Structures are given as structure tokens and as C-alpha cells.
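Enquirer: Questions regarding the structure given below will be posed in turn.
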Amino acid sequence: MSLETLEHRVRGRLRMFLRHTWLVALLGTIFLVAGIAAAIYYTAQREHLRIAAGPRNAAFVRVLSDQIADEHRSLYLQLVPTDSPRGSAEAISKGEADLAILPSDLDDALNWPVVAILRQNVMALIVPPVPASKAKPEESTAKPGSKTGKSSKSKDNKTAKSGKAGKSDKAAKSAKSDDSDDTSDDGTGDSKFGKVTDLTGKRIGIVSGNAASRGLLELVLSHYGVPLDKVTLSEIDPKDVADAVKNNKVDALFVAGAAAGSAISDVVSAATLNGVAPNFIEIDQGDGIAKRNPAFDSATIDAGTFGGTPPSPSEDLKTLSFGEYLVARRSVSSSVIATLAKTIYTSRQAIANAMPREVKIEAPKTDKDADIVTHPGALAYLTDTQQTFFDKYGDDIFYGLLIFPIFGSAIAGVASYLRRDTRTRRLRLLQRALDMVRKAHGAQNLAALEQLQVDADNLVIAVVHLSEQEEFDESVRMSFAFALDQLRFAIAARRTAILDHGGTAPDTGTDATATGSGTAGPAIAPIDPAAASDIAAE
């Protein structure tokens, strides 16, 4: 089968299909409904978001996932566990996560747009009280000398009087200052607490499992001019804090977390020795540090935040704070982040109840000159500029309605062309039949007539194929019937004429056979279907 024949058959089947108007309309409706259903399914399917979080924030991810499930949102959170904030930053940088929970002190934190501020972490420098075992030798050395004893007794009386004035914690602080030679505030300075510069030459334990890190402590010490090589830093597990304080292994403790959270409160409780609460070191230059580093801000821990009697701290404590951010990749869809932001902010009360004192969700500033860049999706929700369905696709629908008639006209033009091409093919077949009639009248021998007979048979097959593909009206059928009859009569008449003039026959044996049998000539050649198809294609 030639390529032209195959093309002719395909076009023929297409024309036959297009003639069934109801079938075309039904199939078109089915395809349209299927397209709409596919679009709805695609837009309504749940969006999977991967969120990288360390051990401290894994609980928040679970609580948020439960809130999303309860509200039947089209979101699904998948936790990507990491061992530290640095690991979370690497996960989102490598594309292994779409979201991450990062503290603002990380350099990578400000590289990603913020969805929400989960909490404000504060730093606490805690000075444990001196164990009693260290104070006893000093008391024994004071007994032999009467003057020294009197001096010690006088000092104890003063301490007692100070305690009667409601300053028992300050008295404990003064006693610690006398025993350990720590320079704390005993009324001679402006600060109510110890000073950062007093940490020179001291042993500082960095409590693990919270937001505290060596980098944060070194930042504070460097700002106050404390030489890092003059300070001994070590990491302490939270469960070992009480033992370290009791055995006098550290001079100060560094911890960071939510002001009212369990991280700092547990360390304060563990550092309380024989009912004596620990003292604190104030970071009174928090404003200056914040101006030099936008990731930080000055903060105040209210008196009595950590509880106890007397309250701890005894006075408002100035310190440094930094945020814990939920950040997202810029490639995440704004509409998806807007849905996530809506879930977070509308459920923040429920999240806070599920994680008491650990989470206090805040919205980032939406000003153009804000230090924090807010994700466009969260910004749209916070500023009430979320786009509706028609806001997003209204222009597309409008232009689609304008363009659709053009496509309709194009389809109508194609259909008209196909119909016109069909009429042209019918006229060509009729013209071919008439041309064959003229050739039959002018044939000079029986071989030419036999070839015309084969062409006539192929023409008949082509007409039959065309009639199968298209519905001929009465006038078309009569035209083809008249033309084919004329062709048959012309071939028969010309054959008779050639046989009557036997001298013009090219093959005498064939003529004799034809004459003796009384037939109209030699055997007819078989019909070639491919030739008939070629005729139809023409």
C-alpha cells in the first residue's frame, strides 16, 4: 500500500467520523468533562511539603501536622529530621527540604524568606551559688583570730540585716563574691547583677539541647572584650548540670531558649543549691550588639520569670534575644505558602496550648524596609492581598473567550475545506470517466481497449469507495452511472469496430479466438486495487 493510499483511507475514515454529528458532540463533551475533572483533581490534590527541623523543633512539626489534618487542608508536612540547626540549613540549601526551622543567628537563616516567627529565644548567663564545702575552710581560718572572728561576725550580721530588708538573694550573691572573688554588684556599680567582664578566667558550661551554642557565647564575650583564650568553655548535658554545680565544676552556665520555656527554667532549678537560687549576669549592652548584628535584639526577662522564693531573677534582667524562624524556599508556590501561613496563624492558640511556654508565634514585619524578608505567600495572607480564583485566572478566561471563536472559525474552515475537497474529488472522477470515453473512441487496437477496460474497472472501485465514505445524493449517483455506462458502451463499440476490421488487430491468434468464440476480445486483465485507490486519491 502506497503512502498516498494510506493517507486517502485515513482522510476517508475521518470524514466518515465527522459526518456523525451526535457522536462527535458526545465525544467532545466527554473530553471536556475529563479535562475539567483532571484540572480539579490536579488543583485539589494535597501538596506535600518537606520541613527540616532539629530535635528541639520536631514536636512543633508534629503539632502543626495535626492541625493541618484536623482542618482538612490540602497540605501534608513531611518531617526531614536533622541533628542541628546547621543541618536544617544544609537540607534546605541542597533542596532536600522545602521548609526549615532556623534560628536567626545562623548566617543562612536570613537567606530564605520567612513564613512565621515561632519564638523569641533569650540568652541567660547563670552563676550558681558556691557549695558549702568550699566555704567551711574559710570559716575555720577565721576562728583563731578574735579580731578576724569579730570581723566575720560583723559581716554575718550585716548579711542578716540585708536579708531582713528583703534582699536575701543579694546577700547570697555578696557571700559568693567574698568566697570566690567574683566581681558582682554589691551596691558599688550600676548593674543589679554580675558583669560579663567578670567571666575572665572562669569556667563556663554551655548547656546542650537548647538554642545555646559556642558561637553565641563567643559573640557576647568578644563584644565585652573578654579574651576567649582566658575562658574555659565546655558543653554540659542538662542532666549533668546539678552534679556540675554541686561539685563546683563550673563557675557559670550559658543557656538559651524561650524566656518562659523549660530550657532555662530547668537549668535554674538544677543550679539551685541548698535552697539558694543562682545569680545572673546581665547583658546590658544588648542594644549595641543588636545594632551591629540585625539577627539579634535586646530583651528583658521580667523579675520572677523562673519562679522560686525569693523570685528568680530578683529584678528585671537585660539580655539578648534572637528569633526562631520558619523559612521556605523561594521556589515554593505562593498559594501553598499562603495556605500554610493561614493554618499557622489561625491555629497559633491551639499550637501554644499543645506546646505551653515553648512556642509564641509572631508575624514578621511586612514593611518594605524590614530586616526580615517575608515570603510572598505569607505576605499576601498577612496583608489580605490573597488572590481569588478569578483574580488568578480571570485574564486567562477572558482572553480564552476571545481566542476560542478564532479556533472555532479555523475548525469550520477545515471542515469546509474537507467538504470542498470531497466535491473536487467527485468532479475529478467524473472528468476521468469522460476522458476515458474519448480515449475509447480513439483506440487503435484491442490492447489499448483492454487497458481502458482495466482503468474503467479501477474507476468503478474508486467510485464505490467514495460512496462508502460519503453519502451521494441522487444527482451525483445518476452522474456517475451515466458516465460509467457511456464508458462501457464506448469500449464495446470500439472493440466491435476493431474486430470488424480484422486487419488492424495486433494479434491474429487472439482475434481468431475472439471471432470464433463470438466474444468481445481477449481475456480481461485482473483489477489492481492499488491502482483503483490511486485513482480515488487523485
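Readers should treat all values here as calculations from the given coordinates under stated rules, not as data from a laboratory. All figures in this text were calculated on a predicted structure; none of them were measured in a lab. FYI the Cβ positions are ideal-geometry reconstructions off the backbone, even for glycines, and counts take in every protein chain you see.
Enquirer: Where does the charge balance sit around Asp287 when Lys and Arg score +1, Asp and Glu -1, over other residues with C-beta under 12 Å from its C-beta?
Expert: The answer is +1.
Enquirer: So for the pair Ile406, Gln78, with labels modelled 7 Å out along Cα→Cβ, what separation do we get in nm?
Expert: So the two model labels end up 4.1 nm from each other.
Enquirer: Show me, for segment 308-322, the HN-Hα J-couplings you get by feeding each phi into the Karplus relation (A = 6.51, B = -1.76, C = 1.60, θ = phi - 60°), rounded to Hz, glycine and proline as x.
Expert: x, 9, x, x, 10, x, 6, 9, 4, 10, 7, 7, 10, 10, 8
Enquirer: If amide hydrogens are placed 1.01 Å from N in the peptide plane, which non-local residues have theirs closer than 5 Å to the one on Ala303?
Expert: Here the answer is Asp316, Leu317, since their amide H atoms fall under 5 Å of that of Ala303.
Enquirer: Strictly over 26 Å apart at the Cα level, which of Lys318/Lys360; Lys195/Lys249; Lys342/Lys368; Lys246/Lys360 would you flag in this model?
Expert: Long pairs (Cα-Cα over 26 Å): Lys246/Lys360.
Enquirer: Under the 0.36 nm per residue contour assumption, what length would be gained going from the current alpha-carbon distance of Ser479 and Asn248 to full extension?
Expert: Values: separation 231, 0.36 × 231 = 83.16 nm, distance 11.92 nm.
Separation in residues times 0.36 nm, less the Cα-Cα distance, equals 71.2 nm.
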